[in-house]
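Asks: Encoded as structure tokens, here's the structure I'll be asking about.
The values are calculated or read from the model by the stated rules, or taken from the named source; none is laboratory data. None of the values given here were measured: they were computed from a predicted structure. Glycine also receives a Cβ, built like all others from the backbone with ideal geometry; neighbour counts cover every protein chain displayed.
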Amino acid sequence: MSRQRGFTLLELVIAMAIFAVLGLASWGLFDSVLRVQQGTAAHERELRNLQRAMAVIERDLLHVAAQPMVLAPPLFQFQRSHWRNPLDQPRSERQMLTYRLEGSVLWRESQGEGTEFVQRQRLLEGVRELRWRLFDSQSGWVAHWSAGQDTKALMALEVQISAGRFKSIRRVLPMPGALP
């Protein structure tokens, strides 16, 4: 009886084929995990940008001054108070804010009272649609508001936005006068 001292060529080819199949399966699994991770990261980034934009709008709305307020879609303009002044400069605490949609970008423009300088901030990109509505306790939801109208009856602001992967996000933000 002769002793075999190695592998036959057929055994080596079968082993290489098994390792090749395992390698291809591992590569496919790794590739799909990377694609899912990239998609999740992009979704998270878009959600974070949308949340940040809504937080800025909500923060500004908490300090809305009584007059003037203009809602002429896609433009929403109002005056806010309590503008931070960390350097204690001699200036007003009031600021005129304008939110406008230009192309697919939502812009926030701020101008201090008594100044000509307008600061533009790109708030959100990839916006397909933006709707603003105000809830007036006397007439309900309105899509237009002029500067001469009384803002004391305003209870809430509705923002409906379609951006990125999000088909339609609707937020109803209470006005400061409506808060208990």
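Table: residues versus (1) at pLDDT 90 or above; (2) in contact with a Phe, Trp or Tyr (Cβ under 6 Å, 6 or more places away or on another chain).
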| site | (1), (2) |
| --- | --- |
| Leu9 | no, no |
| Leu12 | no, no |
| Phe19 | yes, no |
| Leu34 | yes, no |
| Leu47 | yes, no |
| Ala53 | yes, no |
| Val64 | no, yes |
| Pro74 | no, no |
| Asn85 | no, no |
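Asks: Of all residues in region 58-76, which are over 18 Å from Gln160 (Cβ atoms) and part of a strand (DSSP E or B)?
Replies: Scanning region 58-76 gives Val64, Ala65, Ala66, Gln67, Pro68, Met69, Val70.
Asks: Where residues in region 137-180 are of a type in the set (S, T, N, Q) and in a strand (DSSP E or B), which of them is nearest to Tyr99 (Cα to Cα)?
Replies: So the residue we want is Gln160.
Asks: Any idea which residue in region 138-151 is surrounded by the fewest Cβ atoms within 10 Å (Cβ to Cβ), counting only those that are under 20 Å from Arg170 (Cβ atoms) and touching a strand residue (DSSP E or B) at 6+ places or on another chain (Cβ under 7 Å)?
Replies: Residue satisfying both the conditions and the ranking: Trp141.
Asks: Among the residues of region 92-104, are any of a type outside the set (D, E, K, R), in a loop (DSSP other than H, G, I, E, B) and at pLDDT below 90?
Replies: yes
Asks: A further question on this structure: Test Leu29 against the criterion of being outside any loop (DSSP other than H, G, I, E, B) and in contact with a strand residue (DSSP E or B) (Cβ under 9 Å, 6 or more places away or on another chain), and give yes or no.
Replies: No.
Asks: Okay, moving on. I'd like to verify a number: residues in region 152-167 that are surrounded by fewer than 13 Cβ atoms within 10 Å (Cβ to Cβ), closer than 21 Å to Leu47 by Cβ and either touching a residue at least 40 places away in the same chain (Cβ under 8 Å) or in contact with an Asp or Glu (Cβ under 8 Å, 6 or more places away or on another chain) (or both), how many?
Replies: Selection size over region 152-167: 1.
Asks: What are the residues in region 1-57 that are of a type in the set (Val, Ile, Thr) and more than 18 Å from Ile161 (Cα to Cα), if any?
Replies: Thr8, Val13, Ile14, Ile18, Val21, Val33, Val36, Thr40
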